[in-house]
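Below you'll find the structure, written out as structure tokens, and then a few comments.
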Amino acid sequence: MSARKSTGRKNARSTIAVRGYALTPWSRAFVDVVEGRGPDGSSVADSRHITKARRYFRDRHVRGLRIGAGRVTSSVEGTQLEPFDVIITMRTVDTPTLADLLRDRGGVDELMRLPRGEQPPILGELLLPTESADIAADCTCPDEAPRCVHALATAYEVAAEIDRSPLTLLTVMGTDLRGLLAEIDARPATAAAPDEAPAPLTFDDFYGTTTPLPPPPSVSPMNPLTALDGTELRAALRATGVAPADIAEAIDELGDLYDRMTSGDA
């Protein structure tokens with residue numbers, strides 16, 4: 001009996017899901033910048049800090065995570081009795097500029113994919129931070145490293161939220177879907193001017209009844225008696241009472257009639 005109970009407890013522990021982050025492209029790119037190297041090649045976060053921060057994330061040391069426009073705050077339980085307060089600030093994007101770039105890159109339609117949980121590539125390229133200087137971290141712990149364990153653990157929590165909802169990245173970078181859509185609607189894309197603009201409508205000709213029409217498209221000549229399927233034509237001739245022996249002669253007569261019609265001869 002005791003052996004079965006022990007096995008049950010072991011199986012219960014083995015079924016506990018391991019927490020993860022950076023499971024999606026946007027989340028991975030965000031973590032890469034947080035852990036990345038500076039412009040001079042120096043490491044922003046060393047391997048010991050990263051390893052310990054991952055354990056803090058798995059063990060849920062981060063409390064009170066708040067994600068606002070360009071600002072993330074949290075309290076992280078560390079080695080002291082009182083938790084450490086973390087503030088992460090981003091170099092935010094400008095919503096009108098982002099809307100203009102989306103128009104130029106043809107990525108406006110990608111915004112409709114966000115509510116479905118997708119992470120479109122053009123929007124991600126324009127939105128994601130690209131260098132370590134885009135992210136600043138401040139913590140009340142005594143560690144003077146650019147990325148302390150508590151700041152890294154908080155960033156991993158943000159990455160997990162991006163995995164769950166791509167809209168989180170918009171908030172982190174200082175914008176939102178509603179603001180982007182409003183900016184795009186307020187300034188619609190201008191259509192390229194054609195080579196020959198149509199004649200403008202005047203007040204007296206509101207419906208354009210006297211506006212010159214464009215020339216009709218050129219169509220290559222064809223003979224329907226030879227280009228089309230003759231089976232249907234023969235069936236139609238039989239349906240009108242033409243004897244089977246006279247079908248070939250009737251087709252020839254139709255050909256002569258079509259030639260006279262297209263040549264303009266009376």
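The values are calculated or read from the model by the stated rules, or taken from the named source; none is laboratory data. Model, not experiment: these values are computed from the prediction. Cβ atoms come from the backbone with ideal geometry, glycine included; neighbour counts cover every protein chain shown. For the accessible areas, the whole protein counts, side chains as well, though only heavy atoms, and no ligand, DNA or RNA atoms are used. Shrake-Rupley method; radii C 1.70, N 1.55, O 1.52, S 1.80 Å.
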**Message:** Rounded to whole Å, give me the distance from the Cα center of the range 105-147 to that of the range 45-79.
**Reply:** 17 Å
**Request:** Pop the C-beta distance of Ala239 and Ser218 into the FRET formula with R0 = 45 Å and round what comes out to the nearest 0.05.
**Result:** 0.80
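Accessible area, 1.4 Å probe, largest first: how do Tyr156, Tyr21 sort?
Ranked from most to least accessible, the order is Tyr21, Tyr156.
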**Asked** Thr97 versus Arg113, label points 7 Å from Cα toward the beta carbon: distance in nm?
**Response** 2.4 nm
**Message:** Need one value: the accessible area of Arg116 in square angstrom, 1.4 angstrom probe, rounded to the nearest 10.
**Reply:** 150 Å²
**Request:** Kindly write out, for the range 130-142 in residue order, the coupling ³J(HN,Hα) from the Karplus curve 6.51 cos²θ - 1.76 cosθ + 1.60 (θ = phi - 60°), rounded to whole Hz, with x marking Gly and Pro.
**Result:** 10, 9, 4, 5, 6, 10, 10, 10, 9, 9, 7, 6, x
**Prompt:** Out of Met90, Tyr56, Gly70, whose Cα points farthest toward the positive end of the dipole of the range 54-114 (charges: +1 Lys, Arg; -1 Asp, Glu; placed on Cβ)?
**Reply:** Tyr56
**Asked** When the chain is fully extended, how far beyond the present Cα-Cα distance does Arg178 get from Ile251, taking 0.36 nm per residue of separation?
**Response** 19.6 nm
